[in-house]
1. In the stretch 163-195, which residue that is of a type in the set (A, V, I, L, M) and in contact with a strand residue (DSSP E or B) (Cβ under 8 Å, 6 or more places away or on another chain) is modelled with the lowest pLDDT?
2. For the stretch 47-63, name all the residues that are in contact (Cβ under 8 Å) with a residue 40 or more places away in the chain and over 19 Å from residue 167 (Cβ atoms).
3. Counting only residues that are touching a helix residue (DSSP H, G or I) at 6+ places or on another chain (Cβ under 7 Å) and either at pLDDT below 70 or exposed (fewer than 13 other Cβ atoms within 10 Å of the Cβ) (or both), how many does the stretch 104-144 have?
4. Quickly run through the stretch 45-100 and pick out the residues that are acidic (Asp, Glu) and either at pLDDT 85 or above or touching a Phe, Trp or Tyr at 6+ places or on another chain (Cβ under 9 Å) (or both).
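The values are calculated or read from the model by the stated rules, or taken from the named source; none is laboratory data. Worth saying up front: this structure is predicted, and the values here are computed from it rather than measured. Cβ sites come from the backbone with ideal geometry, for glycine too, and all protein chains shown count toward neighbours.
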Amino acid sequence: MNRLTINVLNIAIAAVLATGISACNRNADAGVSNGAADAGSTDAGGAAVKYAKVVSVDPVRSTVNNPKQVCHDETVTHTAPPKDEHRIAGTAIGAVVGGLVGNQVGGGKGKTLATVAGAVGGGYAGNRIQASKQHGQVTSTVERKCETVNDSTTKIVGYDVRYEYNGVTRTVRMDHDPGDRVQVQEGVTAVSDAR
């Protein structure tokens with residue numbers, strides 16, 4: 001055999017071997033994917049998806065204080081003091097009248113004493129009379145009264161999920177209630193909802 005014939009034979013044998021290996025690989029791949037499908041679901045990369053059983057789900061709550069202002073109208077009464085709050089006018093008028101009346105009584109030194117006594121008594125009486133008749137001016141106004149009150153609200157900010165995988169119980173915080181099971185990845189980390 002010449003050299004050309006040997007080269008052609010080598011190429012033909014290589015082509016047959018390559019075709020056979022390729023066919024074997026296709027059959028092997030088909031067997032693996034069928035087996036994985038029978039075993040359960042797979043992720044986008046073709047790996048088997050693993051689930052852990054949820055033991056408990058505890059909502060995590062946060063309380064937010066929202067101070068707000070509450071206002072209402074209130075009637076307020078004001079009493080202004082009288083213009084002559086020391087009742088000087090009543091005292092003066094009473095003293096003059098009392099002195100005049102006292103001056104009419106008696107004579108000599110008795111008249112002087114009666115005038116002084118009348119002025120003192122009249123002054124006191126005038127003061128008391130003015131006090132009973134005199135009142136401060138009363139006014140009413142409507143005033144707006146406001147106060148700050150706390151309005152607290154509580155909301156759920158997450159869920160502490162306890163799950164069991166391969167006999168080990170772990171906890172993870174999730175943003176939703178996962179249901180009865182959670183998907184786990186390598187390292188046994190919960191990754192998503194699996195209702």
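1. Start the filter on the stretch 163-195 by keeping residues that are of a type in the set (A, V, I, L, M), which leaves 168, 172, 174, 182, 184, 188, 190-191, 194.
Those still in the list that are in contact with a strand residue (DSSP E or B) (Cβ under 8 Å, 6 or more places away or on another chain) too: 172, 174, 182, 184, 188, 190-191, 194.
Working: 172: 91, 174: 91, 182: 90, 184: 86, 188: 56, 190: 62, 191: 59, 194: 44.
Among residues in the stretch 163-195 that are of a type in the set (A, V, I, L, M) and in contact with a strand residue (DSSP E or B) (Cβ under 8 Å, 6 or more places away or on another chain), the one modelled with the lowest pLDDT is 194.
2. To start, the set of residues in the stretch 47-63 that are in contact (Cβ under 8 Å) with a residue 40 or more places away in the chain comprises 49-63.
Result: 49, 57, 58, 59, 60, 61, 62, 63.
3. Matching residues across the stretch 104-144 total 1.
4. Step one: filter the stretch 45-100 for residues acidic (Asp, Glu), giving 58, 73-74, 84-85.
If the condition is that a residue be acidic (Asp, Glu) and either at pLDDT 85 or above or touching a Phe, Trp or Tyr at 6+ places or on another chain (Cβ under 9 Å) (or both), then 58, 73, 74 are the ones that fit.
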